[in-house]
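The values are calculated or read from the model by the stated rules, or taken from the named source; none is laboratory data. Predicted model only: the values in this text are computed from it and were never measured. Cβ placement follows ideal geometry from the backbone for every residue including glycine, while neighbour counts extend to all protein chains displayed.
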Amino acid sequence: MILHSPSFNKGTAFSAEERNGLGLRGLLPPVVETIDVQLQRTLLHLRSFALPIDRFIYLQSLKDRNETLFYRLAVDHLEEVMVQRCTPRLWLSVVRDRCLTFVCAWCDATVASR
């Protein structure tokens with residue numbers, strides 16, 4: 001199905017004719033939006049995240065769902081998007097270290113209680 005293909009999925013930008021022809025009626029919200037409207041909504045959502053790791057995860061999810069919108073966002077807001085895309089190892093390292101610290105503390109508390 002076209003909605004599962006990030007290369008062809010346009011989200012709510014599918015016109016009424018496209019929705020009928022591709023069998024998408026009822027699978028998308030009834031409103032048809034331009035890519036510019038989608039872009040503004042996506043940018044607001046991206047900016048609502050406080051942590052860079054959350055922005056990175058959101059961008060990765062967007063790319064996995066709708067490449068057209070992701071790349072339009074990347075082109076129109078290059079600096080803002082690229083900062084998030086170029087630092088995943090640092091943030092994944094921070095998350096991993098926090099998780100390991102939590103696990104070690106839990107293990108120490110569990111062993112101490114026995």
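Within the range 13-24, how many residues are touching a helix residue (DSSP H, G or I) at 6+ places or on another chain (Cβ under 8 Å) and outside any loop (DSSP other than H, G, I, E, B)?
Count: 2.
The residue that is farthest from the chain's Cα centre (by Cα), counting only those in the range 41-74 that are farther than 19 Å from GLY11 by Cα and among the small types (Gly, Ala, Ser), is ALA50.
Selection over the range 25-58 of residues that are in a helix (DSSP H, G or I), aliphatic (A, V, I, L, M) and at pLDDT below 90 gives a count of 2.
Considered as a group, the residues in the range 7-53 that are surrounded by 11 or more Cβ atoms within 10 Å (Cβ to Cβ) and among the polar types (S, T, N, Q) include one that is farthest from GLU79 (Cα to Cα), and that residue is ASN20.
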